[in-house]
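The values are calculated or read from the model by the stated rules, or taken from the named source; none is laboratory data. Quick caveat, the model's predicted, so the values are computed rather than measured. For neighbour counting, all protein chains shown are included, and Cβ atoms are generated from backbone atoms with ideal geometry for every residue, glycine included.
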Amino acid sequence: MATIVLPLVSAGNVPQLCADVLLHSMPGEFRFERELEWQWLHPFVGPLDYVEGQKSLLYRDTPEKRVTTPLELFYCEKRRLYVVQQRSPVIQGYENEFCKEVLLPLLEELAPERVLVLDSVGEFETEVPVHTETMESRFSVATCNVTSISDVAKEFAEGLQLDEQNDLSVNSTLFSFKKGSFQRGISTEQFIYKFSYHLLHSPLARSPGFAELSYVSIFIHEGDNNEDALLLCKELPTFVPFFPRLETFLTPISWKGVYGSKQIPDGYDEGLYI
């Protein structure tokens, strides 16, 4: 069964970092397919990423490519696994356009049987309905059984309830959350709600081959979130068996940038740590 992984740009960029680990920890399996339309995203350009000491295996079939762009598609033929790497957030107010004009046409073209959405939630995000009294797990794992929804319009129209804790419109029935998940549902403010709305109204969701929409989010404290990404990559095969179980976890050279993968300075010279 073909699967596509969609990492959302969210708290700490953990889904993007998790996608980095997946793409680089399976040397030679994934390859760059193409750049995707990114007019609804903030502009971005960067150098080609690679694992230190290795060639840039992801782009081995496109020697003419010199830079990375906001939205790129990768594919592992052996596992029939697509990964969309989104390196830049959606321009505020254009989430629905991004879903309708970019993601839905891509999904209808690739016709995957499964879609896995990765998300991350920070402690100050009031638009996410969470269990405030207790948190059994840092993960929320949910599945939308598309075939069980007989009336999509009714589900979205009547499935919403007002959450009195934070004045959110919340759907608690669209996704079935596993016991222990920190989320109580999804709100209309979340990207996953908008994406689900457009996907379930599309021909793909009504096709006999489409089986499952899965959603996994991790609760994080924003800062150096590299370890959160590694944890998510490690735990995902437990939550969704079709996600590859990695033997080694390789991180790309870009991780040596802003946060804590660099060596800690242990010298001090003329007011600067060196």
Any hit, the stretch 4-14, residues being assigned to a helix (DSSP H, G or I), more than 18 Å from Phe242 (Cα to Cα) and not aliphatic (A, V, I, L, M): yes
Do we find a residue being buried (at least 19 other Cβ atoms within 10 Å of the Cβ), closer than 27 Å to Leu204 by Cα and small (Gly, Ala, Ser) anywhere in the stretch 77-88? no
Select from the stretch 148-187 the residues that are within 26 Å of the chain's Cα centre (by Cα) and of a type in the set (Lys, Arg) and list them in ascending order. Lys178, Lys179, Arg184
Given Arg34, Arg60, Arg66, which one is exposed (fewer than 15 other Cβ atoms within 10 Å of the Cβ), farther than 20 Å from Ile4 by Cβ and touching a strand residue (DSSP E or B) at 6+ places or on another chain (Cβ under 7 Å)? Arg60
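If the requirement is being of a type in the set (Val, Ile, Thr) and in contact with a helix residue (DSSP H, G or I) (Cβ under 7 Å, 6 or more places away or on another chain), which of these qualifies: Val83, Val45?
Val83
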Between residues in the stretch 147-173 that are surrounded by 16 or more Cβ atoms within 10 Å (Cβ to Cβ) and residues that are β-branched (Val, Ile, Thr) and at pLDDT below 75, which pairs lie under 9 Å by C-beta distance while being six or more apart or on different chains? Glu155/Ile149
Scanning for something surrounded by fewer than 20 Cβ atoms within 10 Å (Cβ to Cβ), at pLDDT below 95 and touching a Pro at 6+ places or on another chain (Cβ under 8 Å), does the stretch 100-109 turn up at least one residue? no
Within the stretch 48-68, can you find the residues that are closer than 16 Å to Pro252 by Cα and either in contact (Cβ under 8 Å) with a residue 60 or more places away in the chain or of a type in the set (Val, Ile, Thr) (or both)? Asp49, Tyr50, Val51, Glu52, Val67, Thr68
